Each structure stands twice: as C-alpha cells, then as structure tokens.
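A quick write-up on the structure given underneath.
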Amino acid sequence: MAGQIIVLNGTPRAGKSSIAQAIQDGFDSVWMNLGLDKFKKATPERFQPGIGLRPGGERPDLEPLVKTLYMAMYQSIAAHSRLGVNVVVDATHHDHYSRPLGILPDCARVVAELPVLFVGVRCPLDVIMQRRIATWGSGYDADGSIPAPVRRWQITVHRSHRYDLDVDTSRANPTECATMIATRLTSGRPATAFSQLAQLEHVSEAATRAQARP
C-alpha cells in the first residue's frame, strides 16, 4: 500500500516547517520530511538557493536547474510513497520566474497515481513580518517598506492553486493545523487537487501576460 503524501504549500515564515514537525511528532507510523528546506540545504553553495529561488526572475541562469531539482525532489517523494512510507513536504511553489516553467503540474504528474493531500498554508502579511522580525531582528527595508521579495511571495505562492485543505497559521497553532489535516485525511473525501494539477498543460499565454503585471 502506498504511503500518504502531504504537500504543505506556503510562503516563507508561514509555518510550514512547524506543521511538518507536528505531523511527525503526532501522527502514527513513520512520516519522512522531504521538503524544500531539506533539499535546499543539500544543494551545493554555488547553485543556491536552488529550489528556494525567489519569485521575480532574478536568476534565470539557475532556472533550468531549479526545475530539474524540483523533479528530483518529487521523484524521491514518489519512491518513498511507493515503498509504503508516509511523506510530508514543506514547499513554496510559485511560477513567477523569468518565464513560466510549469513546475508544479510537472511535479504533480510524478506522483499522479499516489495519494496526495495538497494543503495551502496561509498567513497574513503582517504576521509574516512579525515572524521575520522575531527570527532575524529585522524585517522591513531601510525606508520602512515591506521588502519586494516578501510581497512577491505573498502574491505568487497561492496564485491559481486549488487545495484539498486550507489552514491559517495566524489563527491555529501547528498542532491544531496538524489535527485539521488528520481530520481531512480520515474524512473519506477524495483528495483531488494534485490529480487536477497533473492534468494541466503548461501555462497559457493569458496566464503569462497576467504574471507579467506588477
């Protein structure tokens, strides 16, 4: 029997890693964390930030490698699931590169025949900023504005995605979010978000034009 896959998609500082830890600590059986943070740390320094590349098309030279690394990550996720191992994935999917790459639909096709619950991890921008300050002692630009990459993350990560479940980490702590996920898994309702993504073709011209807008 294939292992369950949970993909947590959200911006940096949204709380994905804390939810993943709550799942590992609180759910029965083995849950491997095979997400963005783990794969980014495994990437050689000269190719950083790897799959953590920020939206905005800032490093087009890295973009072909980024797509390859995402596919490799999902191949690893699929291999674990096929062996019956459960996997939780903290991810930050966007397609706001120098050109659309269609990475998420391609990743969805890798795990198309496996059980995947796609969870949107949402958090308001003001709370994101509070967490940045708590972690690094600063968060705003010198002029007091929100850094452009942070704004881009907030706009692009959830764009056009349909999830099987949404959680808001400004309203629920990691354990509560994990409980919501467990309840959704045992509800008997099919998880269809990733299978729908797997059927998508590459981004249309209309979507490309929409992405180019500020």
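Data overview
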read-out: Output for region 177-199, where each listed residue is in contact with a helix residue (DSSP H, G or I) (Cβ under 6 Å, 6 or more places away or on another chain) and closer than 18 Å to residue 10 by Cα; value: 177, 178, 194, 197
read-out: Of all residues in region 79-106 being free of Cβ contacts under 8 Å to residues at least 60 places away in the same chain and out of contact with any Asp or Glu (no Cβ under 7 Å at 6 or more places or on another chain), the one that is farthest from residue 1 (Cα to Cα); value: 106
read-out: Test: residue 14 is assigned to a loop (DSSP other than H, G, I, E, B), aliphatic (A, V, I, L, M) and farther than 18 Å from residue 103 by Cβ; value: yes
read-out: Every residue from region 1-41 that is small (Gly, Ala, Ser) and modelled with pLDDT of 95 or more; value: 2, 3, 10, 14, 15, 17, 18, 20, 22, 26
read-out: Checking residue 160 against (1) small (Gly, Ala, Ser); (2) under 16 Å from the mean Cα position of the chain (by Cα); (3) buried (at least 17 other Cβ atoms within 10 Å of the Cβ), the condition it does not meet; value: (3)
read-out: Given (1) surrounded by 13 or more Cβ atoms within 10 Å (Cβ to Cβ); (2) part of a helix (DSSP H, G or I); (3) at pLDDT below 95; (4) of a type outside the set (Ser, Thr, Tyr), number of the condition residue 178 does not satisfy; value: (3)
read-out: Residue list for region 35-48, restricted to those being surrounded by fewer than 20 Cβ atoms within 10 Å (Cβ to Cβ) and either part of a helix (DSSP H, G or I) or touching a residue at least 12 places away in the same chain (Cβ under 8 Å) (or both); value: 37, 38, 39, 40, 41, 43, 45, 46, 47
read-out: Hits in region 156-205 - residues which are over 16 Å from residue 26 (Cβ atoms), free of Cβ contacts under 8 Å to residues at least 60 places away in the same chain and small (Gly, Ala, Ser); value: 160, 170, 187, 188, 204
read-out: Residue that is nearest to residue 77 (Cα to Cα), among those in region 16-55 that are under 11 Å from the mean Cα position of the chain (by Cα) and not β-branched (Val, Ile, Thr); value: 35
read-out: Residue list for region 45-80, filter: of a type outside the set (A, V, I, L, M, F, W, C) and more than 26 Å from residue 147 (Cβ to Cβ); value: 64, 68, 74, 75, 76, 80
read-out: Verdict on residue 192 being at pLDDT 95 or above, of a type in the set (S, T, N, Q) and loosely packed, with under 12 Cβ neighbours inside 10 Å; value: no
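Yes/no matrix, rows are residues, columns are (1) in contact with a Ser or Thr (Cβ under 6 Å, 6 or more places away or on another chain); (2) surrounded by fewer than 21 Cβ atoms within 10 Å (Cβ to Cβ); (3) more than 22 Å from residue 25 (Cα to Cα):
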site: 64; (1), (2), (3): no, yes, yes
site: 88; (1), (2), (3): no, no, no
site: 108; (1), (2), (3): no, no, yes
site: 111; (1), (2), (3): no, no, yes
site: 116; (1), (2), (3): no, no, no
site: 127; (1), (2), (3): yes, yes, yes
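The values are calculated or read from the model by the stated rules, or taken from the named source; none is laboratory data. This one's a predicted model, so the numbers in the text were calculated from it and none came from an experiment. Neighbour counts are summed over all protein chains in view; Cβ atoms, including those assigned to glycine, are modelled from backbone coordinates with ideal geometry.
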